[in-house]
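Rule-based calculations on the coordinates, nothing more; no lab input. All figures in this text were calculated on a predicted structure; none of them were measured in a lab. Because the Cβ atoms are built from the backbone with ideal geometry, glycine has one as well, and the counts that use them run over all protein chains shown.
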Amino acid sequence: MFSKHNAPKAEDPRLKAITEAIRVVPHFPKQGIMFQDITTLLLDHKVFKDTIDIFVDRYKDMGISIVAGVEARGFFFGPSIALAIGSKFVPLRKPRKLPGRNITGAWYLGEVISEKYVLEYGSDCLEMHVGAVKPGDKAIVIDDLVATGGTLSAAISLLERGGAEVVECACVIGLSHFKDDCSVNGKPLYFLVEPRLQ
Amino acid sequence: MQSSVGVCSSSSSNWLFRFSAAAAPLLPSSLTFPISKSSSSSLITLSTPSLISSPLRSTASASAADSSHLTEMASNDAQDPRLPRISSAIRVIPDFPKPGIMFQDITTLLLDTKAFKDTIDLFVERYRDQNISVVAGVEARGFIFGPPIALAIGAKFVPMRKPNKLPGEVISEEYSLEYGTDKMEMHVGAVQAGDRALVIDDLIATGGTLCAAIKLLERVGAQVVECACVIELPELKGREKLTGKPLFVLVKGA
């Protein structure tokens, strides 16, 4: 179903405009990081729509029942994809945002499970509602950018702990070290463009 | 898996029009443009005590849950038939984030593909002919509803964020919390003078957050046409804090 090289064909004419719509902000959040700002993409209606279209085209016939979006920038893309392909949208959130108690023991609907992960800069924790996914669900994970893959790994863990099968992770931007081995923790990784240098 | 509601079998470029396709308008004419204050009262809503509770929760919370159910409003207007399902898809979680708060959880709405699609459709139907150029979504749950609306009506989407999240130059507006203050930020250059804007969030409580968003947009010369939320908590009178801007909501919570 998936080829080894999951990046979309370079000839897709929409990709040039997508790359150009992304703004680079140097030294944010700290010195040395060239931050890939996708908010400028959201300001360009045609490019934003094209971005969603590319993901929808890829996933619409794959029986995906869950689109999981990583807070917060995964929320920009995930819900529109979910609506277009007829899937549920599941937010994967920072700690203490999802209502309900964080539990480590027995599972109750509305309770929350969490997974720690290491960031490109720092560390954090991702949470998901118990009962949002169930065994038999086929899920994709959406975020704006994949750097180390730490956040996506945590997302995959949460969905699998809930019994879902993670079919693929999808991002707008992927760092170039993912180009040759498009996977995170053995799950295929799909992204549209590489980071801009400036 | 759900039926093919929302699944696009034809070319993907049709998906926008598919899920925002017009049914015959169900809104009374008073709710169409120009949007006056009197017409900004919400469509709703809904009587059914719709607490989607865990069967394992103790019944001690039942009485607290009853007071949180979505109230029936006397309305002269025909209720949109999509609203009951939207309302019952919202889960109320008692004592979150602290004792006494009945939290209106929209994540269960996002798991109901028909109800989520209907929610977006209701907003799109209201705004698509209003020449809206900006949909401003308030972090973070406004990011879930805002972009689909923006895409369907041809507007740009602008995130209104907590401090230090937006890279580059921002303007900020402080607002009051129950204890202390917080700040909301918007990118410089995202919105221009003359832009016609909507502000979207999942819920309006005291109105402080929406008010900050209105101020940021107006500071750069945009015209805030309306604020739109899925849920209103009318007892908190947030509607009065919107500096005269109209408010449109789908459901009301007690």
Distance between modelled label sites at B:ASP95 and A:ASN185, nm, 7 Å Cα→Cβ extension: 3.2 nm
Gyration tensor (alpha-carbon) shape descriptor, segment B:61-252, a/c threshold 1.5: oblate
Chain A: most fluctuating residue of A:GLY149, A:GLY63, A:GLY174 per GNM, C-alpha cutoff 10 Å: A:GLY63
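Averaged over A:129-139, how many beta carbons belonging to a partner chain fall within 10 Å of each residue's beta carbon? Each step should come with its number before you reach the end.
Values: counts 5, 1, 4, 4, 1, 0, 0, 1, 1, 1, 0.
That average works out to 2.
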Gyration tensor verdict on segment A:67-198 (Cα atoms; rounded if a/c is under 1.5, prolate if a/b is larger than b/c, oblate otherwise): prolate
Chain A: angle of helix A:150-161 to the longest principal axis, Cα-based, in degrees nearest 10: 40 degrees
Selection from A:PHE28, A:LEU152, A:GLY136, by position along the positive dipole direction of segment A:14-173 (Cβ): A:PHE28
Other-chain or far-sequence residues with amide H under 5 Å of B:ASP195's (modelled H): B:GLN223
Helical mean residue ellipticity (222 nm; -39500 (n - 2.57) per DSSP H run of 4+; nearest 500) of chain A: -7500 deg cm²/dmol
GNM result for chain A, Cα springs below 10 Å: residue of A:LYS97, A:LYS179, A:LYS134 fluctuating most strongly: A:LYS97
Angle between chain A longest axis and helix A:45-59 axis [Cα atoms, degrees, rounded to 10]: 60 degrees
Computed label-point distance, nm, for sites A:ARG161 and B:ALA78 using a 7 Å Cα→Cβ extension: 4.9 nm
Spin-label pair B:GLN192/A:SER176, simplified geometry with 7 Å Cα→Cβ offset, distance in nm: 3.5 nm
Sorted by Cβ density within 10 Å, fewest first, the residues A:CYS171, A:CYS125: A:CYS125, A:CYS171
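Pick out, in residue order, every one of the GluC sites (Glu not before Pro) in segment B:104-194 that is DSSP loop and has at most 16 other C-beta atoms within 10 Å; say none if there are none.
Here the sparse-neighbourhood loop sites are B:GLU169, B:GLU178.
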